[in-house]
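Step one of this worksheet: look at the structure below.
The values are calculated or read from the model by the stated rules, or taken from the named source; none is laboratory data. Just so we're clear, the structure is a prediction, and the values are computed from it rather than from any experiment. Quick reminder, even Gly has a Cβ in these numbers, built from the backbone with ideal geometry, and neighbours come from all protein chains shown.
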Amino acid sequence: MVKARKIGMLSVQFGASGYMINSGKDNKRVQVRLKIRSRDGDKTILDPNKLSLVNDAFKARFSISEIYFATFFRGKGFQMLTSNETEKPIFADYDVSVANTFNDYSIEGYKDCPIALNFGTNRKPIVHTIYFRPNTIDKNVLDIFFVVPNELTSGKLYFGDTLISEIEIRE
């Protein structure tokens, strides 16, 4: 059993080392730390969009909101991409050659919950569904974040169709 921790308040905050997704009052931000190693010990490509948090009570599958290499300076991570070519935010790129593979692993009877951020206003929304560019890893520790409903206390961490671990969210 992996333990996750609740982190905070869905908006974006900018800082010196990058950005952080805030979850708003009805949701919470949950952090999971993973130790990842390639099977053969050589560098390999990791597609973080295959990671998801599944909850049976909500019948929902949540995509990651952020992913970083767990280093002293969090600026090093996976590049954020957007599904919207127009009016893209400064910290996300649009790259049609990189598919959002989160959509490839839907579970029948469960709702897919990708991260959709509004960079406009309520009257003139500019909505972007975000995902991440695959990156090279060999042996790394990753901090992954999910935005989930406040009531969610557990779930299952998946990589594609493979169950990695059950998650208990501590307050």
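Numerical summary
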| item | result |
| --- | --- |
| In segment 140-168, the residues that are among the β-branched types (Val, Ile, Thr) and surrounded by 20 or more Cβ atoms within 10 Å (Cβ to Cβ) | Ile144, Val147, Val148, Ile167 |
| Qualifying residue in segment 67-79 (condition: modelled with pLDDT of 90 or more, crowded, with 17+ Cβ neighbours inside 10 Å and more than 30 Å from Glu171 (Cβ to Cβ)) | no |
| Residue within segment 129-151 that is of a type in the set (A, V, I, L, M) and outside any strand (DSSP E or B) present | no |
| Verdict on Ala60 being surrounded by fewer than 20 Cβ atoms within 10 Å (Cβ to Cβ), under 16 Å from the mean Cα position of the chain (by Cα) and modelled with pLDDT of 95 or more | yes |
| Whichever residue in segment 130-139 is within 15 Å of the chain's Cα centre (by Cα) and under 22 Å from Gly41 (Cα atoms) and, among such residues, is surrounded by the fewest Cβ atoms within 10 Å (Cβ to Cβ) | Arg133 |
| Qualifying residue in segment 101-110 (condition: modelled with pLDDT under 90 and closer than 30 Å to Lys139 by Cβ) | no |
| Unique residue being among the basic types (Lys, Arg), in contact with a strand residue (DSSP E or B) (Cβ under 7 Å, 6 or more places away or on another chain) and under 29 Å from Thr44 (Cα atoms) when the list is Lys111, Lys59, Lys156 | Lys156 |
| Extreme residue, nearest to Ile64 (Cα to Cα), among residues of segment 103-121 that are assigned to a loop (DSSP other than H, G, I, E, B) and over 13 Å from the mean Cα position of the chain (by Cα) | Ser106 |
